[in-house]
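As structure tokens, the structure follows; a few thoughts come after it.
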Amino acid sequence: MEKKSIDNKWHPILEGSEAEEVFEVVDEIAKALHHPPAAWIPREKVAVEPYRIARGASLAHGSSGIALFYAYLSRVPAASPLFADEADRFISHACDALETVPMEGGLYRGLSGIAWVVQHLQGFLYEDESYDPETDPNIEIDRLLLDHWSKPEKFDLWEGCVGLGVYALERYPQPGAKTLLEILINQLDRLATHNEKGVTWFTPTETLPQRSRLVYPNGFYALGIAHGTAGVISFLSRVHALGILPDVTGKLLDGAVSWLLAQQQGSDLGLLFPLLLLPPDNKPKSSGTFGWCHGDLGLAAALLSAARCTGESSWTAKAIEAAHASIDYLNELLQKTTYPDATLCHGTAGLAHLFNRIYQTIRIERFKEEARKWFHHTINIRKPGTGIAGFSKYSMNEDGELAEQYDPGFIQGAAGIGLALLGAVTDIEPKWDRVMLISAPESVTPDNG
């Protein structure tokens, strides 16, 4: 198959000696991920081996995310041809896992995330060929999702309707993608909460992991991308731009943006928007994890992306306001503490990439400088000789204790850090962040069928 040409509208923001240092770190990550560490297993998991296989193949923590890293690395000029082979090796491992153990449908920990990577790499590495269902590697995944997972009771990006919808968007216009999107939109409509402020989605306590149920006994309303309304908005804007169920998507989209903007709070609280609203009195929670998953910056990127889909200039203005507020919040935060890790989810590389994506979309220099600063933080917090190329994170271990972990994966590990770093030093647009719902989307062709 013939290689595709690269869209060079993306511009590197680190050059010269700064870029050389980043490339050295990326090379270390590539070497370290050749034999990634095994995922730890929470003690409450009874079926240890199936869980290990599923986690080890997942987009969040395993082989499919690592394949994404090697695929983008293989497109760097003068890159080793072995990197493309590594991408093939890791995605093959993930696909083998699909045939070995039963998996849930969710995007970041389930089969739709692995399938998303397979689909994305088909379009990224090679010229599209005429569609042939006999050779389509994802045709069986589509059937499984339509038959068993198309009506999840969770709405979110991480493992609910929005996440499955992100996979369907990557597949579109292949057969089955439109049908899946229509089912998911109707399911989102069914799960929506309507009130005087607009439309939102509630996370009930019974859908949370056991430990989180103790922290949130009454559930919550989340505002961010990974688990909340901002992710729904970004997703709905893409489906609406395609002209799929426009009456439903238009109603939900307008209501969701109205609800989200109604949650804006006083600037004296630090954040422009709370992270969560906690029932029964919907008290705002404005401290905790801040990054892509929760907080003003991820929300800004999602809203900016939605604005690009819809042409709503007022959404762009609010996104810029939230991004500026994030800078002030983070500067104040850095005076009190240091960022604990470099992950995409809520670490320094994630912050850097969010600022970089926002800068590349609207070309405001302040965001470029913030991106540069956070990429420097990412390099500076490395501990060479430890972890994966010097990177680790702190999270709960199998004993429920906060401990240093070595995660090779995409959203909370070394593969994602490497991808963000590549986006800072090359002109290869990081279209992989479509799976995070923060890309400025390419032009879309409305569906007329």
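The values are calculated or read from the model by the stated rules, or taken from the named source; none is laboratory data. Owing to the predicted nature of the structure, the values given are computational and were not obtained by experimental measurement. Every residue, glycine as well, gets a Cβ built from its backbone with ideal geometry; the counts of neighbours run over all protein chains shown. For the accessible areas, the whole protein counts, side chains as well, though only heavy atoms, and no ligand, DNA or RNA atoms are used. Shrake-Rupley method; radii C 1.70, N 1.55, O 1.52, S 1.80 Å.
Things to note:
- LEU191 being in contact (Cβ under 8 Å) with a residue 24 or more places away in the chain, surrounded by fewer than 20 Cβ atoms within 10 Å (Cβ to Cβ) and out of contact with any Pro (no Cβ under 8 Å at 6 or more places or on another chain): yes
- Among the residues listed as ILE381, ILE428, ILE411, the single one being at pLDDT 90 or above and within 22 Å of ARG55 (Cβ to Cβ): ILE411
- Members of the stretch 269-318 found to be among the acidic types (Asp, Glu) and closer than 25 Å to ALA342 by Cβ, listed by number: ASP296
- Enumeration of residues in the stretch 307-321 that are surrounded by 15 or more Cβ atoms within 10 Å (Cβ to Cβ) and small (Gly, Ala, Ser): ALA307, ALA319
- Qualifying residue in the stretch 132-154 (condition: within 29 Å of LEU188 (Cα to Cα) and at pLDDT 95 or above): yes
- Residue list for the stretch 322-349, restricted to those being open to solvent by 50 Å² or more (accessible area, probe 1.4 Å) and either of a type in the set (Lys, Arg) or assigned to a loop (DSSP other than H, G, I, E, B) (or both): LYS336, THR337, THR338, PRO340, HIS346
- All positions within the stretch 195-226 that are open to solvent by 70 Å² or more (accessible area, probe 1.4 Å) and closer than 17 Å to LEU252 by Cβ: GLU196, LYS197
- When residues of the stretch 228-287 are limited to those that are free of Cβ contacts under 8 Å to residues at least 24 places away in the same chain and open to solvent by less than 50 Å² (accessible area, probe 1.4 Å), the one farthest from LEU334 (Cα to Cα): GLY250
- Restricting the search to helices (runs of 4 or more DSSP H) fully inside the stretch 1-77 and requiring at least 2 residues that are surrounded by fewer than 16 Cβ atoms within 10 Å (Cβ to Cβ) and modelled with pLDDT of 95 or more gives 16-32.
- Residue within the stretch 273-289 that is of a type outside the set (Asp, Glu) and in a helix (DSSP H, G or I) present: no
- Within the span defined as the stretch 289-302, one or more residues are open to solvent by less than 10 Å² (accessible area, probe 1.4 Å), in contact with a Ser or Thr (Cβ under 7 Å, 6 or more places away or on another chain) and not small (Gly, Ala, Ser).
- Comparison of LEU98, LEU107 shows that the only residue that is touching a helix residue (DSSP H, G or I) at 6+ places or on another chain (Cβ under 8 Å), assigned to a helix (DSSP H, G or I) and either open to solvent by 20 Å² or more (accessible area, probe 1.4 Å) or in contact (Cβ under 8 Å) with a residue 40 or more places away in the chain (or both) is LEU98.
- One residue stands out among those in the stretch 173-228 that are in a strand (DSSP E or B) and of a type in the set (Gly, Ala, Ser): the one that is farthest from the chain's Cα centre (by Cα), which is GLY198.
- Taking residues in the stretch 194-220 that are farther than 18 Å from THR289 by Cβ, and partners anywhere that are in a helix (DSSP H, G or I) and open to solvent by 80 Å² or more (accessible area, probe 1.4 Å), the pairs with Cβ atoms closer than 9 Å and at least 6 places apart or on different chains are GLY198/ASP254; VAL199/LYS251; VAL199/ASP254; THR205/ARG213; GLU206/ARG213.
- The set of residues in the stretch 291-313 that are assigned to a helix (DSSP H, G or I) and closer than 15 Å to LEU272 by Cβ comprises ASP296, LEU297, GLY298, LEU299, ALA300, ALA301, ALA302, LEU303, LEU304.
- LYS154 falls short on exactly one of the conditions (1) outside any loop (DSSP other than H, G, I, E, B); (2) open to solvent by 20 Å² or more (accessible area, probe 1.4 Å); (3) not polar (S, T, N, Q), and that condition is (1).
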